[in-house]
Amino acid sequence: MPEVLDARALNRATLARQLLLDRADLPVLDAVTHLCGLQAQEPQEPFVGLWSRLRAFDPAALSDLLTGRRVVRTHLMRRTVHLVTSDDLLAWRTRHDAMLRQRVLGVYRTELDGVDLGELAAAGRAVMADGEPRSMPELARAVAGRWPEPGVRALGEMLVAALIPMVQLPPRGVWRVKAGVRNVPVSSWLGREPDPPAPDGDPVGETLVRRYLAAYGPAATADLRAWSGLAGLPAAVAAIRDELVSFRDERGRELLDLPGAPRPDPDTPAPVRFLPAFDNAILGYHDRGRIIDDEHRGLSVAGERVVLVDGRVSATWTVRDGVVATTPLRKFTRAEEAAVAGEERKLTAFLSGGDDQPTA
């Protein structure tokens with residue numbers, strides 16, 4: 001019988017994979033690669049996500065990667081904006097195309113009824129061929145004369161989030177810079193189109209399974225779907241199953257993992273960690289019980305920033321007058337209060353430009 005991993009064992013495994021058990025001595029690019037990207041709907045949130053995961057994190061390093069075209073902001077997993085490496089975007093985007101179209105249609109099916117998506121894509125590409133960055137409404141208005149019925153929002157969402165692989169240009173997403181969304185095709189920004197589909201099998205899907213388990217495992221196939229938004233990965237899982245090890249959770253679900261991946265002792269102490277809005281350490285699972293209680297699950301999709309205490313969501317946090325402030329979701333011990341207060345001070349210093357960098 002496969003070994004059963006309880007919620008605490010899964011929690012500590014998640015923290016280790018997500019670089020939240022011990023801050024990592026990794027270059028920023030390597031961290032973004034390991035995490036398979038960071039949720040980036042809110043442009044400044046990835047900086048907090050990396051501050052909580054890396055020792056002596058310098059936000060300028062991430063800004064430089066954005067302006068240097070090594071990382072990009074784009075619609076990808078779950079049709080949400082992610083910060084991913086340019087290499088991963090080029091390798092993964094085509095595998096996500098069908099999912100992206102279906103998710104936009106799930107919202108705008110009525111509005112887009114009768115619109116030939118191939119023709120719409122061609123029209124949008126023709127507009128963007130001049131190399132000029134455009135906002136979603138600007139691109140939609142440029143083609144709306146041919147398709148007046150759907151409306152600007154539906155046309156724009158389909159073009160920018162699905163039909164044309166796009167990136168959001170800096171300074172959007174640069175540290176402490178507020179900027180609107182300006183889109184250009186991936187081919188313009190990175191110099192080539194995303195990789196075409198493989199002629200045989202699903203090598204990209206197999207890579208996604210391995211990479212997901214390295215950053216999120218042990219996990220069920222439902223968790224993999226919840227993270228990626230992709231429904232068509234069972235064949236990829238089946239193709240590499242011989243490489244994987246199997247466990248069960250307390251509900252009897254099969255959990256898959258990489259053989260040598262970290263699975264710390266459940267009694268390993270977990271430090272206080274502040275997570276940004278929509279962090280994938282929570283959203284990257286179908287069953288989020290390993291890190292957040294059911295009664296607080298709504299926080300994870302409401303954009304609340306949360307605090308992990310003993311590895312679990314135990315408070316929310318905001319910034320008031322430049323100072324980080326927490327609101328507990330349960331009663332803390334004195335030791336927990338002290339640990340939270342200490343991390344509050346460090347995060348306040350980081351956000352205000354101070355030199356107080358975390359080392360543990």
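Bear in mind these aren't lab numbers, they're just calculated from the coordinates by the rules spelled out. As the structure is a prediction and not an experimental result, all values here were calculated from the model. Note that each Cβ is placed from the backbone with ideal geometry, even for glycine, and that neighbours are counted across all protein chains shown.
Against the chain, whose longest principal axis comes from its Cα atoms, helix 117-128 is set at around 90 degrees. The P(r) of the chain has a tail past 26 Å containing 52 percent of all C-alpha pairs. Relative contact order for segment 273-351: 25 percent, from Cα pairs under 8 Å spaced at least 6 residues apart, divided by residue count. Distance between the 7 Å Cα→Cβ label points at T110 and D25: 5.9 nm.
Here the calculated FRET efficiency for Q41 and T327, from their Cβ-Cβ distance with R0 = 25 Å, stands at 0.70, rounded to the nearest 0.05. Once the mean of 1/r is taken over each pair of separate Cα atoms and inverted, segment 26-190 shows a Kirkwood hydrodynamic radius of 16.3 Å. For segment 67-132, the equivalent ellipsoid built from the Cα gyration tensor has semi-axes of 24, 17, 10 Å, listed from largest to smallest.
Other residues lying with their Cβ under 9 Å from the Cβ of V4 contribute a combined charge of -3, Lys and Arg counting +1, Asp and Glu -1.
Stretched out straight at 0.36 nm per residue, the stretch from A338 to E149 would grow longer than its current Cα-Cα span by 62.2 nm. Label positions at I240 and D195, each projected 7 Å from the Cα along the C-beta direction, are separated by 1.2 nm.
Computed across segment 27-80, the Kirkwood hydrodynamic radius from all distinct Cα-Cα pairs reaches 11.5 Å.
Projected area of segment 273-351, taken from the Cα convex hull and averaged over every viewing direction, in nm²?
Averaged projected area of segment 273-351's Cα convex hull equals 5.1 nm².
Placing a label point 7 Å from the Cα of A222 along the Cα-to-Cβ line, the residues of segment 236-270 whose backbone N sits under 19 Å from it are 237-238, 246-257. Annotation: the antiparallel percentage among DSSP beta bridges lying fully within the chain is about 90. Cβ crowding within 10 Å ranks F332, F274 as F332, F274, fewest other Cβ atoms first.
Compared with the dominant Cα axis of the chain, that is its longest principal axis, helix 203-216 is turned about 30°.
Working from label points 7 Å from Cα in the Cα-to-Cβ sense, the M1 to V177 distance is 5.7 nm.
If you fit an axis through the alpha-carbon atoms of helix 334-351 and take the longest principal axis of the Cα set of the chain, what angle between them do you get, 0 to 90°, nearest 10? So the helix axis and the longest Cα principal axis differ by about 40 degrees.
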